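What follows is a set of notes on a single structure, which appears directly below.
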């Protein structure tokens, strides 16, 4: 009976409090890793969208450079429904083909194109939406 009120120093194992604190720390670490992962997945998708839009604007620049005498202004319109005659139709067809070929259509679902002259140069802008925000990529060339 002499040892009944004292703690035994030779006991092995963890107390319930130690186990709960360890579990709490591990849970916080795993939740922070999951939050970082979600953030980086979102950032990667947005980077892919920007790359896809830049690729499309570069393709329009190549079409402009191939035949600069026929360059015409294209008002802002959806890439998927744009139509026109001559040069405009060539640009619209090339962009739709690029979207399908390079599997960019999923990244730029509501992409719009605009080609306008501005102070002696041509500016090609690709617009798209990310949630409720609108993003764009512009490329310009002096002819």
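Give the number of residues within the range 108-134 that are within 11 Å of residue 49 (Cα to Cα) and at pLDDT below 90.
First pass over the range 108-134, keeping only residues within 11 Å of residue 49 (Cα to Cα): 108-109, 111, 126-130.
Those still in the list that are at pLDDT below 90 too: 108-109, 111, 128-130.
Result for the range 108-134: 6.
Can you confirm whether residue 56 is closer than 30 Å to residue 115 by Cβ, within 25 Å of the chain's Cα centre (by Cα) and modelled with pLDDT under 85?
Numbers: closer than 30 Å to residue 115 by Cβ: yes; within 25 Å of the chain's Cα centre (by Cα): yes; modelled with pLDDT under 85: no.
No, not satisfied.
Any residue at all in the range 16-23 that's modelled with pLDDT of 85 or more and surrounded by 12 or more Cβ atoms within 10 Å (Cβ to Cβ)? Break it down into steps so the answer makes sense when it comes.
Going residue by residue through the range 16-23, those that are modelled with pLDDT of 85 or more are 16-23.
So of that shortlist, the ones also surrounded by 12 or more Cβ atoms within 10 Å (Cβ to Cβ) come out as 21.
Yes, there is a match, as at least one residue in the range 16-23 is modelled with pLDDT of 85 or more and surrounded by 12 or more Cβ atoms within 10 Å (Cβ to Cβ).
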**Prompt:** How many residues are in a loop (DSSP other than H, G, I, E, B), under 16 Å from residue 58 (Cα atoms) and touching a helix residue (DSSP H, G or I) at 6+ places or on another chain (Cβ under 6 Å) when one looks only at the range 104-143?
**Reply:** 3
**Item:** Filtered residues of the range 59-86 (kept if out of contact with any helix residue (DSSP H, G or I) (no Cβ under 7 Å at 6 or more places or on another chain), in contact (Cβ under 8 Å) with a residue 40 or more places away in the chain and surrounded by 14 or more Cβ atoms within 10 Å (Cβ to Cβ))
**Value:** 61, 64
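Do we find that residue 95 is touching a helix residue (DSSP H, G or I) at 6+ places or on another chain (Cβ under 7 Å), over 26 Å from residue 143 (Cβ atoms), at pLDDT below 90 and buried (at least 17 other Cβ atoms within 10 Å of the Cβ) in this structure? Even if it seems obvious, please write down each step before you answer.
On the way: touching a helix residue (DSSP H, G or I) at 6+ places or on another chain (Cβ under 7 Å): yes; over 26 Å from residue 143 (Cβ atoms): no; at pLDDT below 90: yes; buried (at least 17 other Cβ atoms within 10 Å of the Cβ): yes.
So residue 95 does not fit the description; no.
The values are calculated or read from the model by the stated rules, or taken from the named source; none is laboratory data. Since this is a predicted model, take the numbers as computed values, not measurements. Counting neighbours? That spans all protein chains shown, and the Cβs are built from the backbone with ideal geometry, glycine included.
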